[in-house]
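See below for the structure under consideration.
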Amino acid sequence: MSDDHTHVQEFFGARAADWDARFPDDGPAYAAAVAELGLREGDRVLDAGCGTGRALTPLRAAVGPSGAVLGADLTPAMLQAAVRAGRDRDGQLLLADVAALPLRSSSLDAAFGAGLISHLPDPAENLRELARVVRPGGILALFHPIGRAALAARQGRRITSEDLRAEPNLRPLLAGSGWRMTSYVDEDARFLALAVREG
C-alpha cells in the first residue's frame, strides 16, 4: 500500500467513530447535491470515497428500489461506521480504492464524490478511473457541504491558487480525465462541480 493510502486510512480511521457527530447538519446539503445529479429510477450510482455513507440514503431515494447504489471507501473504519448507522441498507459497501475500482467499464450512470478530490493521490488518474466505470453521457458530482473559503477558514488556512477545486484548475483536470464540466458552484454553503462523461 502506498504512503498516500496509509495516510488516508490513518487520518480517516482515527476520526471514523465520531465523524457524523462532528458534522450533524450536513444531511440537507447532501440531499440537495444528489438531487442535482438528475438520477432516475433504476440508475446505477457510485459514492466514491463514501466514508460513513451520508450520501447513500439520498442516492437510494433517487434511484429507487430497482436502482443500484454502491459506496466505496479505502478506510475500513469508515465503512464500519456506515454499517453502524444502518446505511448499508441503502447501498452495497465496498472496501476499494478509487484508483482501481472492482467494477466493469461503463457499468454506472453516475458517480458522486463528497470531499473526495483533495484526498486523491493522483487526481488525474483517479478521475480517469471514475470515467472508466461511468458510461458515456453519465454524470460526476464533486461535492463538499461547505465552500472552499469556509472550509479553509475551518481548517485555519488560506485558499491558494493551486487548490484543485478552483475552477481554473478543476475544469482542465476534468477535461484531461474524460469529463466535461457543466456546472460549478463555490459558495459558503456548498461546493458542487458537475461533469458529463465524454465519449
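The values are calculated or read from the model by the stated rules, or taken from the named source; none is laboratory data. Model, not experiment: these values are computed from the prediction. Every residue, glycine among them, receives a Cβ derived from its backbone with ideal geometry; neighbour counts consider all protein chains shown. Surface areas here come from the heavy atoms of the whole protein model, side chains and all, with no ligands, DNA or RNA. Shrake-Rupley method; radii C 1.70, N 1.55, O 1.52, S 1.80 Å.
So, R0 is 30 Å and r is the distance between the beta-carbons of ASP88 and ARG135; what FRET efficiency does that work out to, to 0.05?
Once rounded, the FRET efficiency stands at 0.75.
Relative to the compact-globule scaling 2.2 N^0.38 Å, provide the ratio for the alpha-carbon radius of gyration of the chain.
0.94
Just to be sure I follow the definition: excluding the sites themselves, where is the longest run in the chain that has none of the GluC sites (Glu not before Pro) in a DSSP loop with at most 12 other Cβ atoms within 10 Å? Spell out each step's value before the answer.
Values: sites that count: GLU41, GLU162.
In the chain, the maximal stretch lacking such sites is 42-161.
Of GLY51, GLY38, GLY27, whose Cα points farthest to the positive end of the dipole of segment 21-66 (charges on the beta-carbon: +1 Lys, Arg; -1 Asp, Glu; origin at the Cα centre)?
Final value for the positive-end residue is GLY51.
So, in Å, what gap is there between the alpha-carbon centers of segment 47-101 and segment 144-170?
25 Å
Send over a whole-number figure in Å² for the accessible area per residue of the chain, probe 1.4 Å.
Values: 9170 Å² over 199 residues.
Per-residue accessible area for the chain comes out at 46 Å².
For the chain, what relative contact order do you get, as a whole percent, if you take Cα pairs closer than 8 Å and at least 6 residues apart?
19 percent
With only Lys, Arg, Asp and Glu charged, each at its Cβ (+1 for the first two, -1 for the last two), find how big the charge dipole of segment 126-199 is about the Cα centre; round to the nearest 20 debye.
Value, rounded to 20: 180 debye.
Taking trypsin sites (Lys or Arg not before Pro) as candidate sites, keep only those in a DSSP loop with at most 15 other Cβ atoms within 10 Å, then name the longest stretch of the chain containing none of them.
So the longest stretch without any such site is 41-103.
Could you tell me the calculated FRET efficiency between THR160 and GLN80, based on Cβ-Cβ distance and R0 = 35 angstrom, to the nearest 0.05?
FRET efficiency, THR160 to GLN80: 0.55.
Can you divide the C-alpha Rg of segment 24-114 by 2.2 N^0.38 Å and report the result to two decimal places?
Dividing the Cα radius of gyration by 2.2 N^0.38 Å gives 0.98.
Which three lengths, in whole Å and largest first, does segment 134-199 cover when its Cα atoms are put on their principal axes?
40, 21, 15
For GLY138, list long-range residues whose amide hydrogen, built 1.01 Å from N in the peptide plane, is under 5 Å from its own amide hydrogen.
ARG197
Can you give me the distance in nm between label points at ALA31 and THR6, each placed 7 Å from the Cα along the Cα-to-Cβ direction?
4.2 nm
If you take the beta carbon distance between ARG128 and ARG40 as r and set R0 to 30 Å, what does 1/(1 + (r/R0)^6) give as a FRET efficiency, to the nearest 0.05? Display every interim value, and only then the final one.
Numbers: r = 26 Å, r/R0 = 0.85.
With R0 = 30 Å, the Cβ-Cβ based efficiency is 0.70.
Report, to the nearest whole %, how much of the accessible area of the chain belongs to carbon and sulfur atoms, 1.4 Å probe, protein only.
Looking at the chain in its full context, I get 52 percent from C and S.
At 222 nm, what helix-only mean residue ellipticity would the chain give, in deg cm²/dmol to the nearest 500, using -39500 (n - 2.57) for each DSSP H run of four or more?
Helices in the chain give a 222 nm mean residue ellipticity of -10000 deg cm²/dmol.
Report the gain in length on full extension from THR182 to GLU198: 0.36 nm times residue separation, minus Cα-Cα distance, nm rounded to one decimal.
Extra length from THR182 to GLU198 when fully extended: 4.6 nm.
To the nearest 20 debye, what charge dipole does segment 79-120 have about its Cα centre, counting +1 at the Cβ of each Lys and Arg and -1 at the Cβ of each Asp and Glu?
So the dipole magnitude of segment 79-120 works out to roughly 120 debye.
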